[in-house]
Each structure stands twice: as C-alpha cells, then as structure tokens.
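Enquirer: Input: one structure, supplied below.
What follows is calculated from the coordinates using simple rules that are stated; it is not laboratory data. All values reported here derive from a predicted model rather than from experimental measurement. Please note: Cβ atoms are built from the backbone with ideal geometry, for glycine as well, and neighbour counts cover all protein chains shown.
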Amino acid sequence: MNKLILASTSPRRRELLQSAEVEFEVISSPAEELHDDTIDFRTLCEINAELKARAVAERRPESWVLGADTLVSIDGSLLGKPASAVRAREMLRQLSGRTNQVCTGVCLLGPDGRKVLFHEISEVVFLSLSDHVIDEYMSRVNTLDKAGAYAAQECGEMIIAEIRGDFTNVVGLPMTRLLRELALISQYSF
C-alpha cells in the first residue's frame with residue numbers, strides 16, 4: 001500500500017497512527033464540516049469524514065486518504081467543539097453524571113474511486129462533576145479543541161467513570177477497526 005495520507009492536523013489522530021506504526025503523511029483538509037442537527041450523528045460523522053478525505057484526495061488521487069470526524073451526542077443533542085470557555089463549561093455540566101455517545105466517522109478514499117466508509121460508537125459514563133472539578137479540569141485541559149469539551153486521554157480520570165467500547169474511538173480514531181480495514185486494503189491494493 002502507498003503511504004497513507006491523514007486528512008487532519010489532529011495531534012491525537014497522528015499519535016494514534018504513530019503508536020500503531022502506520023506510515024502516513026499529514027495534509028490538512030480544507031473541507032468545511034457540515035453542521036446539521038436534523039441528520040443522525042452517525043451519518044453526519046461519516047459525511048464529514050468523507051468531505052475531509054475528498055478534499056485531499058482530489059490533490060492526491062494516487063494515494064489512500066483517511067478522513068475522520070468525531071462528535072459527542074447526549075439525548076440526541078450534538079456536542080462538537082465548544083466556541084468558548086463558557087460553552088465548554090455548559091457542556092461539561094450537561095455531561096455530568098450521565099452517559100454520552102462518541103461517534104467517529106472514518107472514510108478511506110483510494111485510487112480509482114475506491115471507498116471504505118464506517119463509524120464506531122463508544123459510550124462514556126461521566127462522574128458527577130462539581131463546579132470545582134470542572135474548573136480544575138478546564139485549567140488542565142484545552143477543552144476548546146475537543147468534541148464535547150473533554151478528552152478521555154487527558155486527565156480523564158477526573159471526569160470519566162467508565163468507557164464502554166473502543167477507547168481510541170473516544171480519542172478520535174477507532175484503531176481496532178481502522179487497522180482491520182487498512183490490512184484489507186493492503187491485501188488487495190497490488
């Protein structure tokens with residue numbers, strides 16, 4: 001398989017691919033994410049992942065391109081990246097003591113228009129959070145660049161009671177499924 005192109009500048013996605021010893025290069029995707037509360041969040045994640053991958057694949061049609069998008073959902077409400085610290089605090093209060101779903105959509109686009117599209121869902125059970133804990137968490141973690149205003153891999157023990165499903169999915173890339181798909185691509189790419 002040719003070197004994979006990650007259509008994302010997410011440091012978390014880069015770290016996950018590096019830890020799995022996947023060879024890749026990074027090209028930032030210029031695609032604008034779609035924000036539409038009327039679309040099921042699983043579908044929305046897949047749409048955004050494909051938009052990101054397509055924008056890079058147009059420039060590199062000979063390569064496999066990986067696009068991904070992660071959203072948090074609670075009670076049917078989507079929680080993307082908060083626009084402000086005030087909104088981040090509101091999101092953490094909303095998640096406090098409750099279970100949310102994290103969905104990551106993944107799109108692999110390859111030569112000759114080949115496409116692999118999937119999503120993974122994990123559940124994250126939050127501890128009950130006092131204002132003090134929220135303040136402390138926000139002082140340690142940049143909540144503004146995280147869907148749902150939290151990161152399981154950064155001080156997650158302060159706010160998370162349990163993760164059901166793939167931990168790497170919550171971080172931003174479902175590695176178990178992705179590695180399976182990359183192995184299939186490698187098998188049939190030559």
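Enquirer: Under 5 Å between amide H atoms, partner at least 5 residues away or on a different chain: which partners does T99 have, H built in plane at 1.01 Å?
Expert: Amide H to amide H, under 5 Å and 5 or more residues apart or across chains, T99 pairs with F126.
Enquirer: Treating each Cα of the range 1-100 as an identical point scatterer and ignoring solvent, apply the Debye formula and state log10 I(q)/I(0) at q = 0.14, 0.16 Å⁻¹.
Expert: Debye intensities relative to I(0), on a log10 scale: -0.64, -0.79.
Enquirer: Enter the angle in degrees (range 0 to 90, nearest 10) between the Cα long axis of helix 175-188 and the first principal axis of the Cα atoms of the chain, meaning the one along which they spread out most.
Expert: Between helix and principal axis, roughly 0 degrees.
Enquirer: Go through K3/K115; K3/K52; K3/K81 and tell me which ones have a Cα-Cα distance over 21 Å in this structure. Can you show the working numbers first?
Expert: Numbers: K3/K115 16 Å; K3/K52 18 Å; K3/K81 30 Å.
Where the Cα-Cα span goes over 21 Å, the pairs concerned are K3/K81.
Enquirer: Follow-up question, since we're still on this one. Could you work out the Rg to Rh ratio of the range 48-91, with Rh taken as the Kirkwood radius (inverse of the mean 1/r over all Cα pairs)?
Expert: Details: Rg = 15.2 Å, Rh = 12.6 Å.
Over the Cα atoms of the range 48-91, Rg/Rh equals 1.20.
Enquirer: Residue by residue, what Karplus-based ³J(HN,Hα) values in Hz, rounded to whole numbers, does the range 65-77 have, using 6.51, -1.76 and 1.60 with θ = phi - 60° and x for Gly and Pro?
Expert: 10, 10, x, 8, 8, 10, 10, 10, 10, 9, 6, x, 8
Enquirer: E25 to V86: FRET efficiency via 1/(1 + (r/R0)^6), r the Cβ-Cβ distance, R0 45 Å, to the nearest 0.05? Don't jump to the answer; show the numbers that get you there.
Expert: Numbers: r = 37 Å, r/R0 = 0.83.
In this case the efficiency is close to 0.75.
Enquirer: Give the Debye-formula value of log10 I(q)/I(0) at each listed q (0.10, 0.12 Å⁻¹), with one equal scatterer per alpha carbon of the range 4-188, two decimals each.
Expert: Log-scaled intensity ratios, in q order: -0.39, -0.55.
Enquirer: With the chain treated as a Gaussian network of Cα nodes joined by springs under 10 Å, which of N169, N142, N48 yields the largest mean-square fluctuation?
Expert: Answer for the Gaussian network model of the chain: N142.
Enquirer: Turning to a different aspect of this structure: Treating the beta-carbon of each Lys and Arg as +1 and of each Asp and Glu as -1, no other charges, what is the dipole magnitude of the range 20-96 about its Cα centre, to the nearest 20 debye?
Expert: On the way: 9 positive and 15 negative charges, 74 e Å.
That gives the range 20-96 a dipole magnitude of about 360 debye.
Enquirer: Plugging the Kirkwood radius over Cα pairs into Stokes-Einstein for the range 128-180, at a temperature of 25 °C and a viscosity of 0.890 mPa s, what D comes out in µm²/s?
Expert: Values: Rh = 12.1 Å.
For the chosen part, D equals 203 µm²/s.
Enquirer: Tell me, what is the percent relative contact order of the range 68-190, built from C-alpha pairs under 8 Å that lie six or more residues apart?
Expert: Working: 210 pairs, mean separation 36.1, N = 123.
Dividing the mean separation by the residue count of the range 68-190 yields 29 percent.
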